[in-house]
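*Asks:* Dropping a structure here in structure tokens format, bear with me for questions.
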């Protein structure tokens, strides 16, 4: 019977009695032929709902009456002797949404009759759910398949059926790297590992592990591409569970289209498919092998759908440029996905006396290209001291021509003689994380708390690095900060304020290495003293150094310079005490 003929029989020609007999005698035959454990994609309650929805379409019977009629007719075909567990997978809780989602999955246009059938089916299932006909209802919604699979396995285990549970899920981000031969996949994987702390894994290695675990000789022969993606996902979970620091993972090389597409369905929004694109001539010029060898490998990858991955990739990187360009593209990958995106909101902690002044500066900085204006440092964190603290301004703009900067008209000092320091960056630099660590941190504070925000362009959403990435950048800057502190402390004429601020900054960076983030100078000093008592840094509190005569206070300058020397010596001692060279060990 053809598909059209069967549809005609199913919805028009057959009676409800004939329809129920066909469906449930077939079901009984499957039950008798099954082994000790059988998995059915449509069990008894679902078959009841299917027949009832069909009856409602053919006969116009109300769905609740159709369910009762079908149950009465189907009861004679019920066979005993086997325990059944009924787990319902739903697209949505609301029946109309359930029907709409089901219809949306059909690739071909559906008839009006079939659309009515799906709506009746959703109503029948809802009736069964309210009656408790299913042992468990799992709603997928927009969740990744991995979450749904975990729910199903845990449900089956709770109901007493032995099943392998998925490993714990510690993965925060998964990058899947694809592309043709010599396109740069390995280079990107290594950049992610060395410059951004991402764990780098090979797809072939993971599948080999999965095959050995399952007793399979050749995973590529034994498994279809969907199964490959499932097995690969389990190995990724297992690796992350055994390696607690591996929460961000890249895998390479993806050159099977269906497996890659299914992998994204499994992981959902945590998975970023990245395709490295470069023409054959560029790839051949970079390679150590012959053009013929690369062409042969390309043919193999093309047969597996490798080029088609570009069409479903979240990011396509044009890798025809320099290594610097590629590094920036990789940094953008990390910056775009590693942190949270928040629409910034205004902060009200700026002192009232400065608000008119800052409003005037903001007006000068804002034009059609301006994305963000904010104050950073002590002004943003609420510990600004008149006569001591600077006015630190940040502007983010689409472009920054030198002419615009020189014609701003913002003075170099504030109304009380405060130094005004303007930091200017392009939106692209902010978007890709190419800012100094203190401003990366400031953007997080703006994004999360609105601290220091003066202006934001309508619709602007900040993309900010996660705390770990900001901390890594901050620690990488420590040698430069130490060098500057050494230079300041050695000057014949001490710049008291600069030395003091650099002492606090060094302590702040050291505390970040301990996993502690504090902003206020006095808090930094106090917590550093408790965490690092061996340092013995005697630094005055902010109230002692920010009085009106600090510029001429010789004793204060001597004390701060001494604190700098003690801190520098402590840092040097830390370097020597960490590891003893082999030659000095007894």
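*Asks:* Tell me which residues, restricted to the range 522-549, are over 22 Å from residue 388 (Cα atoms), touching a helix residue (DSSP H, G or I) at 6+ places or on another chain (Cβ under 8 Å) and not in a loop (DSSP other than H, G, I, E, B).
*Replies:* 527, 528, 529, 531, 534, 535
*Asks:* A further question follows. Among the residues in the range 84-92, are any surrounded by fewer than 18 Cβ atoms within 10 Å (Cβ to Cβ), part of a helix (DSSP H, G or I) and either in contact with a strand residue (DSSP E or B) (Cβ under 8 Å, 6 or more places away or on another chain) or assigned by TED's automatic domain parsing to the domain that holds residue 37 (or both)?
*Replies:* no
*Asks:* Determine whether the range 31-40 contains at least one residue that is at pLDDT 90 or above and either within 26 Å of residue 143 (Cβ to Cβ) or touching a strand residue (DSSP E or B) at 6+ places or on another chain (Cβ under 9 Å) (or both).
*Replies:* For the range 31-40, residues at pLDDT 90 or above and either within 26 Å of residue 143 (Cβ to Cβ) or touching a strand residue (DSSP E or B) at 6+ places or on another chain (Cβ under 9 Å) (or both): absent.
*Asks:* Kindly indicate whether any position in the range 130-141 is buried (at least 18 other Cβ atoms within 10 Å of the Cβ) and farther than 30 Å from residue 70 by Cα.
*Replies:* The answer is no; no qualifying residue exists.
*Asks:* Then there's this: Test each condition in (1) modelled with pLDDT under 90; (2) exposed (fewer than 12 other Cβ atoms within 10 Å of the Cβ) for residue 547 and report the one that comes out false.
*Replies:* Condition (2) is where residue 547 drops out.
*Asks:* Right, here's the next one. Pairs only if they're at least six apart or on different chains, beta carbon under 6 angstrom, first in the range 36-59 and touching a residue at least 40 places away in the same chain (Cβ under 8 Å), second surrounded by fewer than 13 Cβ atoms within 10 Å (Cβ to Cβ) and not in a helix (DSSP H, G or I); list them, first residue then second.
*Replies:* The qualifying pairs do not exist here.
*Asks:* Examine the range 505-516 for a residue that is crowded, with 16+ Cβ neighbours inside 10 Å and either in contact with a strand residue (DSSP E or B) (Cβ under 6 Å, 6 or more places away or on another chain) or at pLDDT below 90 (or both), and state whether such a residue exists.
*Replies:* Yes, that holds for at least one residue.
*Asks:* Give the residue, chosen from 115, 102, that is over 24 Å from residue 136 (Cα atoms) and part of a helix (DSSP H, G or I).
*Replies:* 115
*Asks:* Suppose we filter the range 429-462 for residues that are under 27 Å from residue 502 (Cβ atoms) and either part of a loop (DSSP other than H, G, I, E, B) or outside the structural domain of residue 377 (by TED's automatic domain parsing) (or both); how many remain?
*Replies:* Within the range 429-462, residues that are under 27 Å from residue 502 (Cβ atoms) and either part of a loop (DSSP other than H, G, I, E, B) or outside the structural domain of residue 377 (by TED's automatic domain parsing) (or both) number 6.
*Asks:* Something else about it: Picking from 505, 465, which residue would you name as being touching a residue at least 12 places away in the same chain (Cβ under 8 Å) and not in a loop (DSSP other than H, G, I, E, B)?
*Replies:* Only one candidate passes the filter, namely 505.
*Asks:* Of the numbered conditions (1) free of Cβ contacts under 8 Å to residues at least 12 places away in the same chain; (2) farther than 25 Å from residue 458 by Cα; (3) out of contact with any strand residue (DSSP E or B) (no Cβ under 7 Å at 6 or more places or on another chain), residue 437 satisfies every one except a single condition; which is it?
*Replies:* Unmet for residue 437, out of (1) free of Cβ contacts under 8 Å to residues at least 12 places away in the same chain; (2) farther than 25 Å from residue 458 by Cα; (3) out of contact with any strand residue (DSSP E or B) (no Cβ under 7 Å at 6 or more places or on another chain): (1).
*Asks:* Looking only at the range 198-213, which residues are crowded, with 16+ Cβ neighbours inside 10 Å and over 21 Å from residue 164 (Cβ atoms)?
*Replies:* Answer for the range 198-213, where residues must be crowded, with 16+ Cβ neighbours inside 10 Å and over 21 Å from residue 164 (Cβ atoms): 198, 199, 200, 201, 203.
*Asks:* Same structure again: Scan the range 472-487 residue by residue and report those that are closer than 25 Å to residue 371 by Cβ and assigned to a helix (DSSP H, G or I).
*Replies:* 473, 474 - these are the residues of the range 472-487 that are closer than 25 Å to residue 371 by Cβ and assigned to a helix (DSSP H, G or I).
The values are calculated or read from the model by the stated rules, or taken from the named source; none is laboratory data. The structure displayed is predicted, hence computed values, not measured ones. Note that each Cβ is placed from the backbone with ideal geometry, even for glycine, and that neighbours are counted across all protein chains shown.
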